[in-house]
Amino acid sequence: MVTRMTVALISHPDCLRHDMGPVHPESPGRLWAIEDQLIASRLESVLRRYDAPLATRAQLERVHDAHYVDTVFAASPLDGTVTIAAETLMGPHTLNAALRAAGAAALGVDLVLRDEAGAVFCSVRPPGHHAGRGSAMGGCFFNNVAVGAAHALATHDVARVAIVDFDVHHGNGTEEIFRDEPRVLLCSSFQHPYYPYDDYLADSDHIVNVPLPAGTGGQRFREALRERWLPALDAFRPQLLLVSAGFDAHYEDDIGQLTLDETDFHWIARQLKTVADRHAGGRVVSVLEGGYDLHALGRSVVAHIQGLIDGATG
């Protein structure tokens, strides 16, 4: 029986096989760290597990140029690694991992919109929010959350989709893809100035950017989201809520200089689930983005998933 509290976990062993080398922070160990903490927290036993499918060309080409998709497929090596963009390397198993990550977001959308799950967490890699219509960047090949949003608009009776992104880095690819798409509300928080050092879009009627200075902690983070995100989400009344869930804003993660902790990730998950309950039948699909300190990442994901559960019961 599916209830509002049913949370699905989507992953696939192919996502562990993508490897950009021993010094790259976006490593297979990230997913192992999440699995370990799910088991230790006993959350693993209450999640419904699904294997991520391979994204289809049609799903990819709703958000990426066909020529770019061709380029990624053609670049896939038989052995070794090739660099297709700065900090973005492909090995023999990268293409399948990237297709699984994008396919997970589309499956997650199907599950919640068919009422087969109340919420979904996609434990997948590579991440996606730096990938633009025609470009890879920052370890991202296909924009997973964008694939999910476009899939919802194209194949379900949905006219308004919200994406929220709380990674330490700006989701520049997602913003580029949906810059001129008013059916998608994008709410993003990120350290600024910081990678990718882009000129993020000033707020529009469907893009709400919350740049945060280095050193920002949980109290200011929560205040900013209460002031900026939550009113925008309520005004937009999304029929589906997607999350680019980046946990690299944790104070133990030295890739950035924001100082959040697990309680903040639990808090934002509860807030988002509550918004979804008001407007979207509780439907939330969360997709892993950043988070590179393995211990902090595992704990943060557990807190995030617990927040989705608590948001449905509180």
Put in order of increasing Cβ neighbours within 10 Å, starting from the fewest, Glu175, Glu227, Glu289, Glu87 give Glu227, Glu87, Glu175, Glu289
Is any residue of segment 18-56 close enough, with backbone N under 19 Å, to a label point placed 7 angstrom from the Cα of Thr83 along the Cα-Cβ axis, and if so, which?
19-27
Computed from the coordinates I sent, percent of Cα pairs over 37 Å apart equals one of [x] 5; [y] 56; [z] 14. Tell me the label.
[x]
Order by neighbour count: Arg270, Arg278, fewest other Cβ atoms within 10 Å first, most last.
Arg278, Arg270
Give me Asp198, Asp293 sorted ascending by neighbouring Cβ count inside 10 Å, so fewest comes first.
Asp198, Asp293
For 188-194, 125-131, 299-305, ranked highest to lowest by mean beta-carbon neighbours within 10 Å, the order is 125-131, 299-305, 188-194
Could you tell me how far the Cα centroid of segment 97-164 sits from the Cα centroid of segment 216-266, in Å?
19
Under a point spin-label approximation (7 Å from Cα along Cα-to-Cβ), what is the Val46-Ala159 distance to one decimal in nm?
3.7
Local electrostatic count at Arg237 - Lys and Arg +1, Asp and Glu -1, tallied over other residues with Cβ under 9 Å:
+1
In the neighbourhood of Leu89 defined by beta carbon distances under 11 Å, the net charge of the other residues (Lys, Arg +1; Asp, Glu -1) is -3
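Rule-based calculations on the coordinates, nothing more; no lab input. Small disclaimer: the values here were computed from a predicted structure and weren't measured. Quick reminder, even Gly has a Cβ in these numbers, built from the backbone with ideal geometry, and neighbours come from all protein chains shown.
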